Every structure is written in C-alpha cells, then in structure tokens.
Amino acid sequence: MDTKIILKITNSSGEPYNIQFKFLDNQFAVFCNCQAGIFGKLCKHKIGLLDVDPSVLFDKTDEEILKEIHELVNKSRYREIISSYNMLKKRTEEAQGKEKRLKEQIEHALKAGVEFCR
C-alpha cells in the first residue's frame, strides 16, 4: 500500500491545519503543518486524529476517512506505544501531585515549627 491522505483539522483560532498520513509498505507516518509538527514534534492535532476524535475535523464529511485511518493505525504498534506513554504520563502526574502535597507539608512545618526528635 502506498497512500497519502490529507485531512484538515481545526486549530484553536478556527483555521485549518493539514494532517498528512502516509501509508507505505508496512508502515505509516503522520505529519502536521502546525509549529510543533513542522519540527516533527508530537502535537495535539496528530493525537486528536489518532485518537479518532471527529470533533477536531475541519470538514465533518471526512469522518468516514478518519475511521478508515483508525482501522489501519490499529494494525500498527502505535496503540502499544501510546498506551505505555499514557500510563507513564498518569504516573508522572500522580507523582507530581504527591510532590506538591509534600512540599506544602514542608512549608507548613517550617512555618509552624518542626519538633526535635527525642
């Protein structure tokens, strides 16, 4: 399979960005023409389409094409990779929450006074 599909996605200002999917042999690649995408970075536009969020489509008639893309993507290692990433992101957020609470405890203890150990 050697296919290129371009979908337009709505950005925060309401203007479209182009997301290009390239399917070649046994691989796929995704490109976005937003600022992050130009530098090959992960952007919310790519993620929105890869997560099959039709609300981000500029042209709602592209929803069937998005479903077809999703079927192809599900045959790749992408789901495994993004699942690992999301799990790590969740753990990181939990750790950051714990860090914030501990920092507040330290601040409170230093302000109120810390008892000496006996």
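Values quoted throughout were computed directly from the atomic coordinates according to the rules given, and no laboratory measurement underlies them. Predicted model, so just to flag it, every value in this text is computed and none were measured. Cβ atoms come from the backbone with ideal geometry, glycine included; neighbour counts cover every protein chain shown.
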Here, T10 and L24, labelled 7 Å along Cα→Cβ, have an inter-label distance in nm of 3.3 nm
Could you list which residues have their amide H under 5 Å from that of N33, counting only those 5 or more apart in sequence or on another chain, with H placed in the peptide plane?
N18
Could you tell me which label, among [x] 6.4; [y] 9.5; [z] 11.7, carries the value of mean projected area of the Cα convex hull in nm² calculated for this structure?
[z]
For helix 78-112, what angle does its Cα long axis make with the longest principal axis of the chain, in degrees from 0 to 90 and rounded to 10?
20 degrees
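To make sure I understand, if each residue's beta carbon is the centre and we count other beta carbons within 10 Å, what order do E115, E80 fall in, fewest to most? Can you show the working numbers first?
On the way: E115 6, E80 9.
The most exposed by this proxy come first: E115, E80.
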Specify which residue in the list L42, N26, I65 is farthest towards the positive end of the charge dipole of region 2-76, using unit charges on the beta carbon of Lys, Arg (+1) and Asp, Glu (-1), about the Cα centre.
L42
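Work out the length of the dipole vector of the chain about its Cα centre, built from +1 on the beta-carbon of each Lys and Arg and -1 on the beta-carbon of each Asp and Glu, and round it to the nearest 20 debye. Kindly include the intermediate steps, with their values, before the conclusion.
Working: 20 positive and 18 negative charges, 124 e Å.
The dipole of the chain has a size of about 600 debye.
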Tell me the label-point distance for the pair C117, E68, using the 7 Å Cα-to-Cβ offset, in nm and rounded to one decimal.
6.8 nm
Rounded tilt (10° steps) of 63-73 against the dominant C-alpha axis of the chain
70 degrees
Just to be sure I understand: with springs between alpha-carbon atoms less than 10 Å apart, which residue in K103, K75, K89 has the highest mean-square fluctuation in the Gaussian network model of the chain?
K103
